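Chemist: Below you'll find the structure I mean.
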Amino acid sequence: MTAVSNPRVQSPWARLRSGARNHRSITILLGWVLVASVLPVLVLIPPLSTFQPQSLWIDGFSNAGVFILLAMGLNVVVGLAGLLDLGYAAFFAIGSYVYAFGDSPFTNVQIPFWPMLLVGAIIAATLGLLLGAPTLRLRGDYLAIVTLGFGEIVPAVFLNASSLTKGTNGIGGIYKPELFGFKFTLENPVPYYITMVAILAVTMVLLYRLQGSRLGRAWMAVREDELAAASSGINTITTKLLAFALGASTAGLAGVFATSKLTFVGPGQFGFQVSFTVLAMVVLGGMGNIWGVATGAFVIYTIQAVVLKELNQFFQALHVPILQSIDFVQYQYLLYGIALVAMMLLRPEGLFPSSRRRQELHATSDDVADVPPPTEALDA
Amino acid sequence: MTAAPTIPNAEEAVHSRPAAAPGSHDVLLQLDNVHTYYGQIHALQGISLEVRRGEIVTLIGANGAGKTTTLKTISGLLHPRQGKVRFEGRDISRTPAHELVRAGIGHSPEGRRIFSRLTILENLKMGAFTRPQNDIQGDLDHVFELFPRLKERIGQRGGSLSGGEQQMLAIGRALMARPRVLLLDEPSLGLSPILVQQIFVIIQEINSAGTTILLVEQNALQALIVANRGYVLQTGQVALSGASADLRENEMVRKAYLGE
């Protein structure tokens, strides 16, 4: 765009690129349609086809979508606004329980799935605001500790409020979605798949728009330097609260979808490992880059759900004494840990970084030599 | 001190600047018996001062006297526990910082606090956050006129600039919000003597373009040369105030701050 001013001399590729830049929303939607139609075909090709049948693959993609959604939401909080949230699964839990209360024989309420998507997102966002209001005055490690606590408290509440939630047994028999009389079933994963792709595409368009908006710039300023942001006329409290609420609403959306598919919800599904996995997805994918984070989530989910299992079978077949006895699925968190440490050492900007993050993390020493340390001192 | 070689230039500056405020005497900014605390620490112990429209006023004093705290209390980054801050007659003691930027108080904070990972242009645009983004080209041009160096390096990241350039950027960023009063905290800190000269000349230019300035400086001599009036702070109180020319002649000021 900047290099060539006359569109007629552009190569088709350059024209495509500049078109994509000018119509980002349409490009994202088309991108999702393309990916969503290629993936089911791709898994028919060996060796992928030998791992599991196509219907299981498609079912797995919907589950991966839940994590992509979670990762995109957490990316707003951690990647864009720079607030470390270690209890993100709490909002996932809230969205899940909201759907269980709103559309199940347990409460005898039957609000359809589609409005519940919105309800789940709004309730999660509201609780995000309630948690954020008192805690967002904290910074860095302290905020991380408080959110970690919140992430533990929410499942504990669902566990102990057993008259409302059936405690540890969880709520089962939750209704599945229905569209114009067409009922979603467990046998046919395609409707869930299409629904998930649609949710992801729309969410991603909205997030990209937000990132480029005034609010997106305010997030960037707050992430860089809160005091300077305030001196530039940015309401830092509202800015951080909105990041928190938006992240929470995305998790709420993911919770409603996941519960409608699983038709069950229990307090054991929302442990710290969920928050940790999603954070690992964001970091490995490349904080701040929406596509990168989505790809990171997809890759990690696929490794966790498919590759580790296949690895077990692969080594079983080889009859190597030690490797044979290792259950790789059991070691997934160890593997995440190793991957995160390796990532921080070798490629801190993530696999698919935003261009800005890459600059930030690969600053040479003389780039930052002149920055005076921030002083909060009293020498006024 | 760096003051010694700058005196010849400084003398010229004196002649170009009348001792009294140009034009009217209406009060833009007023502090009335302001007490500000950091937790238990009583940092400002009843500061009263005023800044009139069109003036350059300077706060001088030793480390810990309360200069930065005074600026932070004005710009809303801190709030006084007692006393009033008034801007254009309105009580702003409890108004948050981001609203005061809209109201017309610009603050170039201590330590520059530029967004070191954003480019110069992005930093300046961030400074204009409160203004419509399609209406800032004129302001950008104005900043680049004051600081041509910034224009040369427009795409460079803030953190890669030299100390002097970062200071220019910090002042430029504060100007982007079109403040009516500009609070400058130690603009000469850590700069070479030549750059200190340049910064003080630019401060005068900004002032003659119509922006009132409240200047905190350790470089007391330079500050008293460009300012119309000054306040000497000591342990959170105003020890002395008056026209800059009088303060320059004052025995105590000469001993304590001018190194004579």
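Chemist: Which of the following residues is more than 14 Å from the chain's Cα centre (by Cα), more than 26 Å from A:ARG223 (Cβ to Cβ) and within 13 Å of chain A (Cβ to nearest Cβ): B:LEU191, B:LEU118?
Modeler: Numbers: B:LEU118 fails: more than 26 Å from A:ARG223 (Cβ to Cβ).
Of the residues listed, the single one that is more than 14 Å from the chain's Cα centre (by Cα), more than 26 Å from A:ARG223 (Cβ to Cβ) and within 13 Å of chain A (Cβ to nearest Cβ) is B:LEU191.
Chemist: Identify the single condition in (1) under 30 Å from A:TYR208 (Cα atoms); (2) more than 14 Å from chain B (Cβ to nearest Cβ); (3) modelled with pLDDT under 85; (4) out of contact with any helix residue (DSSP H, G or I) (no Cβ under 7 Å at 6 or more places or on another chain) that A:VAL341 does not satisfy, given that it satisfies every other one.
Modeler: (3)
Chemist: In region A:32-47, how many are surrounded by 15 or more Cβ atoms within 10 Å (Cβ to Cβ) and assigned to a helix (DSSP H, G or I)? Explain how you work it out, then say what you get.
Modeler: At the first step, the residues of region A:32-47 found to be surrounded by 15 or more Cβ atoms within 10 Å (Cβ to Cβ) are A:32, A:35-36, A:39-40, A:43.
Adding the requirement that they be assigned to a helix (DSSP H, G or I) leaves A:32, A:35-36, A:39-40.
Of the residues in that region, 5 qualify.
Chemist: Checking B:VAL216 against (1) more than 20 Å from B:THR73 (Cβ to Cβ); (2) within 14 Å of another protein chain (Cβ to nearest Cβ); (3) outside any helix (DSSP H, G or I), which test does it fail?
Modeler: (1)
Chemist: Next question. Give the residues of region B:28-53 that are basic (Lys, Arg) and either in a strand (DSSP E or B) or buried (at least 20 other Cβ atoms within 10 Å of the Cβ) (or both), sorted by residue number.
Modeler: Within region B:28-53, B:ARG52 is the sole residue that qualifies.
Chemist: Return the residue satisfying two criteria in turn: it lies in region A:278-298 and is β-branched (Val, Ile, Thr) and modelled with pLDDT of 90 or more, and of such residues it is farthest from A:PHE91 (Cα to Cα).
Modeler: A:THR295
Chemist: Among the residues of region A:242-286, which ones are crowded, with 24+ Cβ neighbours inside 10 Å and either free of Cβ contacts under 8 Å to residues at least 40 places away in the same chain or among the aromatic types (Phe, Trp, Tyr) (or both)?
Modeler: Scanning region A:242-286 gives A:PHE244, A:PHE257, A:PHE270.
Chemist: Could we say that B:LYS125 is assigned to a strand (DSSP E or B) and basic (Lys, Arg) here? Walk me through it before giving the result.
Modeler: Values: assigned to a strand (DSSP E or B): no; basic (Lys, Arg): yes.
So B:LYS125 does not fit the description; no.
Chemist: Still on this structure, I have one more. Can you give me the number of residues within region B:128-182 that are under 16 Å from the mean Cα position of the chain (by Cα) and in a strand (DSSP E or B)?
Modeler: 2
Chemist: Further question: Kindly state which helices (runs of 4 or more DSSP H) lie completely within region A:197-300 and contain at least 1 residues that are more than 27 Å from A:GLY149 (Cα to Cα) and within 14 Å of another protein chain (Cβ to nearest Cβ).
Modeler: Fully inside region A:197-300 and qualifying: A:214-224, A:226-231.
Chemist: Among the residues of region B:224-238, write down those that are out of contact with any helix residue (DSSP H, G or I) (no Cβ under 8 Å at 6 or more places or on another chain) and either of a type in the set (A, V, I, L, M) or surrounded by fewer than 21 Cβ atoms within 10 Å (Cβ to Cβ) (or both).
Modeler: B:GLN234, B:THR235, B:GLN237, B:VAL238
Chemist: Here is a further query. Answer yes or no as to whether A:PHE101 is aromatic (Phe, Trp, Tyr), under 18 Å from the mean Cα position of the chain (by Cα), modelled with pLDDT of 90 or more and more than 13 Å from A:PHE257 (Cβ to Cβ). Explain how you work it out, then say what you get.
Modeler: Details: aromatic (Phe, Trp, Tyr): yes; under 18 Å from the mean Cα position of the chain (by Cα): no; modelled with pLDDT of 90 or more: yes; more than 13 Å from A:PHE257 (Cβ to Cβ): yes.
Criteria not met by A:PHE101.
Chemist: Out of A:ASP103, A:ASP85, I need the residue that is surrounded by 20 or more Cβ atoms within 10 Å (Cβ to Cβ), under 26 Å from A:ILE174 (Cα atoms) and of a type in the set (Asp, Glu). Which one?
Modeler: When all the criteria are applied, what remains is A:ASP103.
Chemist: Here is a check on your reading of the model: is B:SER208 without any contact (Cβ under 8 Å) to a residue 12 or more places away in the chain and among the polar types (S, T, N, Q)?
Modeler: yes
Chemist: Also, quick follow-up: So, of the residues in region A:299-308 that are in contact with a helix residue (DSSP H, G or I) (Cβ under 7 Å, 6 or more places away or on another chain) and free of Cβ contacts under 8 Å to residues at least 60 places away in the same chain, which turns out to be farthest from A:TYR336 (Cα to Cα)?
Modeler: Looking at the filtered set, the residue picked out is A:LEU308.
Chemist: Filter region B:52-73 for residues that are among the hydrophobic types (A, V, I, L, M, F, W, C) and at the interface with another protein chain (Cβ under 9 Å from one of its Cβ atoms) and give the result.
Modeler: B:ALA65, B:LEU71
Chemist: Any idea which residue in region B:189-205 is modelled with the highest pLDDT, counting only those that are of a type in the set (S, T, N, Q) and outside any loop (DSSP other than H, G, I, E, B)?
Modeler: B:GLN204
The values are calculated or read from the model by the stated rules, or taken from the named source; none is laboratory data. Bear in mind that the values here come from a model prediction, so they are computed numbers and not experimental data. We place every Cβ from the backbone using ideal geometry, glycine too, and count neighbours over all the protein chains shown.
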